[in-house]
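So the structure is just underneath, and the comments pick up after that.
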Amino acid sequence: MCGIAGIFGSNWDAEQLTAMHAAQRHRGYDAEGFYFDPRLLGGLAHNRLSILDLSDAGRQPFQSVSGDLQIVLNGEIYNYLELRRELEGDHIFRTQTDTEVLLAAFEKWGHAALDRLIGMFALIIWDERTKTAFAARDRFGVKPLYYHQESDGTLLLASEIKAIHAAGVRREPNLRTWSSFLTHGVAESSEETFWSDIDKLPAGHFLVWRDGQTTIRKWYDLYEKSGDGFDDRDDQEVAEEYLYLLKDTVRLRFRSDVPVGINLSGGVDSSTLLGLVHAIEEGESRVAVYTFTTGDERYDELPWVERMLEQTKHPLVVSKLAANEVPDLAADVQYYQDEPFGGIPTLAYAKLFEEARKNGTIVLLDGNGIDEQWGGYDYYSANGNGSLIQGSSDRPVRPDCLMPEFRAVAEGVTAPMIFSDRLRNLQYRDVVYTKIPRALRYNDRISMRATTELREPFLDHRLFELALRQPGHRKIAHGIHKKMMREIAAQLVSTGISEAPKRPVQTPQREWLRTELREWADDIIEAGMSSFGAAWFNRDEVRREWKAFCDDESDNSFYVWQWISLGLIERNVSGINFGGLNPAARISNRSTRTREEVSAW
């Protein structure tokens, strides 16, 4: 896990690239490296967090044997050993790194090499001979990659938005994204970010730049790989295949030359992960377990975690978040996020990564992804309303608090209804447009803030493709969600744990905002509105809704944290002009990038 950056074109200087590199230094302190094309048509920068081959041989940018290609990689290619054996007849390997394997695979197969990878990755390759840049992102977008293209064709790429701003790109909010977020609760559902003229390369896509022209193409589509048909095999055969894949995906993600730990909550997904780790280690208990608490027994899952560990004896490290830590921690986490984040649960998770790093654990695994595969959320039921907020009957957002002109530019989620059944369409929406992209962005930033690597074994594409081929009765039956997954989990952990109910809320965010943090929240909300409230908000309506929330008239705090996010960003970034102009007139036009076949790669 690292930080990568690149600039391509004829109108840039070395100081821009070094500024981008410096802005991402927290993503890897172990080494740094630069490459500059002899004609200064391309440049690459890399911040290294050493995970595989800790020697200097693993430094990047990494050069091909021919000297024509330079690569920077953020992430891990988990099946690099298998690919290495396949490539040994064509390539004499000089290191033990997955980066060299990836570059050799690219030299042999071109962009078709991406289909052979099992991993999380964002990569940039520069071809010095053809003056062509190639960039790609993994299937589900575990690793980030942002870009900005100037009117003269110059292209900037980086792991984080702040790096592109550090290169001199103007910091101005994207009003369409902000309006969509505040009106519909939508985030990460398109390639646009919260900042104008900075987009994300979509998950499962690659980009080619040459002579100032950028082309983007999709290389992975979950629907195409899973298909619309259903798996007609018997339950046992499907369960056996899925369990085999579970074990393989966890085994691959334990490949590391630094200590590996696991993050646990008290649910089925975490307990399954613990059971898999214990089975793969054949009873060894040296892997540390991390969990967070807030000291509130209504939400803390520590008793469930301790119950799991009675069987495995893994060492437990508990990270406790107190209400009085939230203001300073929120401001710090906001800096690393660049965009709005998920509230106090994200802060608790961020502190957990701090504890892991202090404890010497560099790589952590968590259980994200099972709910989306096996119908774990309550709204997946036939009588569910499809809400983006789990466990709430109240409206998640308050669009009536927005000025009509601002609200009018909002766009909702435009997820296609491509499957023949409602359940899989909801699953596809959550994987591609809503829950998974949002969680991955939060998790990448908070793990890298602590200079740690987060691996998501259940986001292996093989698991998703198999799960989406399963009929609904294997996912939800008689009011039980994740039916087959619970049966599989029961083979790995105690029955009581595998039957644990889904608990959507893990921190007392509502209670803290109404009590200990009320004064802080009131102040930060007002700070946000004082900066741009005149253009975006009806202040009286915001204050009325805030008072109603404090009076316990709402069962969710999603919209309150939206307002807090605005105040955090306003205090974190100086010199932003948020208001005063017609919102529709300030939305930047999309560039003339094309999406078409790229035969050259």
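The modelled label-to-label distance between R129 and Q63, using points 7 Å beyond Cα along the C-beta direction, is 1.5 nm. Between the range 169-225 and the range 1-62, the C-alpha centres lie 23 angstrom from each other. Take R25: with every protein chain present and a 1.4 Å probe, its accessible area is about 100 Å².
Using a/c under 1.5 as the rounded threshold, could you call the range 186-272 rounded, prolate or oblate? The axes a ≥ b ≥ c are square roots of the C-alpha gyration tensor eigenvalues, and prolate needs a/b larger than b/c, oblate otherwise. Before the final figure, lay out each step's value.
Values: a/c = 2.15, a/b = 1.55, b/c = 1.39.
The shape class here is prolate.
Go ahead and run the numbers for FRET between K313 and V258, Cβ-Cβ distance against an R0 of 25 Å, rounding to 0.05.
Values: r = 23 Å, r/R0 = 0.90.
For K313 and V258, the calculated efficiency is 0.65.
Could you give the size of the charge dipole of the range 376-485 about its Cα centre, using +1 on the Cβ of each K and R and -1 on the Cβ of each D and E, expressed in debye and rounded to the nearest 20?
Values: 18 positive and 12 negative charges, 61 e Å.
Approximately 300 debye in magnitude.
As I understand it, the dipole of the chain uses +1 on the Cβ of Lys and Arg and -1 on the Cβ of Asp and Glu, about the Cα centre. Which of G412, A122, Q213 lies farthest toward its positive end? With unit charges placed on the Cβ atoms, the residue in question is Q213. Relative to the Cα centre, the charge distribution of the chain, modelled as +1 at Lys and Arg Cβ and -1 at Asp and Glu Cβ, gives a dipole magnitude of about 480 debye. In a simple Cβ point-charge model (Lys, Arg +1; Asp, Glu -1; nothing else charged), the range 136-190 has a dipole of about 140 debye relative to its Cα centre.
Is there a pair in K143/K482; K247/K482; K218/K247 whose C-alpha atoms are over 24 Å apart, and which pairs would that be? Cα-Cα > 24 Å for K143/K482; K218/K247; rest within.
In a fully extended conformation the segment linking D13 and Y335 would gain 113.3 nm over its present Cα-Cα distance, using 0.36 nm per residue.
Loop-located trypsin sites (Lys or Arg not before Pro) in the range 259-363 (DSSP state other than H, G, I, E, B) with a sparse environment of at most 15 neighbouring Cβ atoms within 10 Å: R286, R298, K313. Exposure check, 1.4 Å probe, all protein chains in place: R407 carries approximately 80 Å² of accessible surface. Sites listed here are GluC sites (Glu not before Pro) in the range 204-288 whose DSSP assignment is loop and whose Cβ has at most 11 other Cβ atoms within 10 Å: E282. Taking 7 Å steps out from each Cα toward its Cβ at N383 and A408 produces label points 4.1 nm apart. The residue among F194, V289, Y433 whose Cα reaches farthest toward the positive pole of the charge dipole of the chain, with charges on the beta-carbon of Lys, Arg, Asp and Glu, is F194.
Can you work out the FRET efficiency for the pair F93 and R544, with r the C-beta to C-beta distance and R0 = 60 Å, to the nearest 0.05? Spell out each step's value before the answer.
Details: r = 65 Å, r/R0 = 1.09.
The formula returns an efficiency of 0.35 here.
Between H478 and D296, what FRET efficiency follows from the Cβ-Cβ distance if R0 is 35 Å, with the result rounded to 0.05? Rounded to the nearest 0.05, the efficiency is 0.65.
Shape call for the range 330-372 from the C-alpha gyration tensor, a ≥ b ≥ c root eigenvalues: rounded (a/c under 1.5), prolate (a/b greater than b/c) or oblate? Oblate is the answer for the range 330-372, as a/c is 1.5 or above yet b/c matches or exceeds a/b. When the Cα positions of A348, G153, F464 are compared along the charge dipole of the chain, G153 comes out farthest toward the positive end, with charges on each C-beta of Lys, Arg, Asp and Glu.
What number, in nm² with one decimal, is the all-direction average of the projected area of the convex hull of the alpha-carbon atoms of the range 335-491?
Values: hull surface 47.8 nm².
Over all viewing directions, the range 335-491 projects a mean Cα-hull area of 12.0 nm².
Output the relative contact order of the chain, whole-number percent, from Cα pairs under 8 angstrom with separation of 6+ residues. The normalised contact order for the chain reaches 17 percent. Here the gap between E82 and E281, fully extended at 0.36 nm per residue and compared with their Cα-Cα distance, gives a gain of 69.6 nm.
Okay, helix-only estimate at 222 nm for the chain: each DSSP H run of n ≥ 4 adds -39500 (n - 2.57), divide by all residues, round to 500 deg cm²/dmol; what do you get? Let's see the in-between values first.
On the way: 23 runs with 230 residues, N = 601.
Per the formula, -11000 deg cm²/dmol.
Specify whether the C-alpha gyration tensor of the range 67-151 places it in the rounded, prolate or oblate class, a ≥ b ≥ c being the square roots of the eigenvalues: rounded for a/c under 1.5, otherwise prolate if a/b is larger than b/c and oblate if not. Because a/c hits 1.5 or more and a/b fails to exceed b/c, the range 67-151 counts as oblate.
Within the range 1-71, list the chymotrypsin sites (Phe, Trp or Tyr not before Pro) lying in a DSSP loop whose Cβ has at most 12 other Cβ atoms in a 10 Å radius. Before the final figure, lay out each step's value.
Working: sites: F8, W12, Y29, F34, Y35, F36, F62; in loops: W12, Y29.
Filter output for the range 1-71: Y29.
Distance between the modelled labels on D53 and E150, one decimal in nanometres: 3.5 nm (7 Å Cα→Cβ projection).
The values are calculated or read from the model by the stated rules, or taken from the named source; none is laboratory data. Given the structure is predicted, the values throughout are model-derived calculations rather than measurements. FYI the Cβ positions are ideal-geometry reconstructions off the backbone, even for glycines, and counts take in every protein chain you see. Surface accessibility is based on the protein's heavy atoms, side chains included, excluding ligands, DNA and RNA. Shrake-Rupley method; radii C 1.70, N 1.55, O 1.52, S 1.80 Å.
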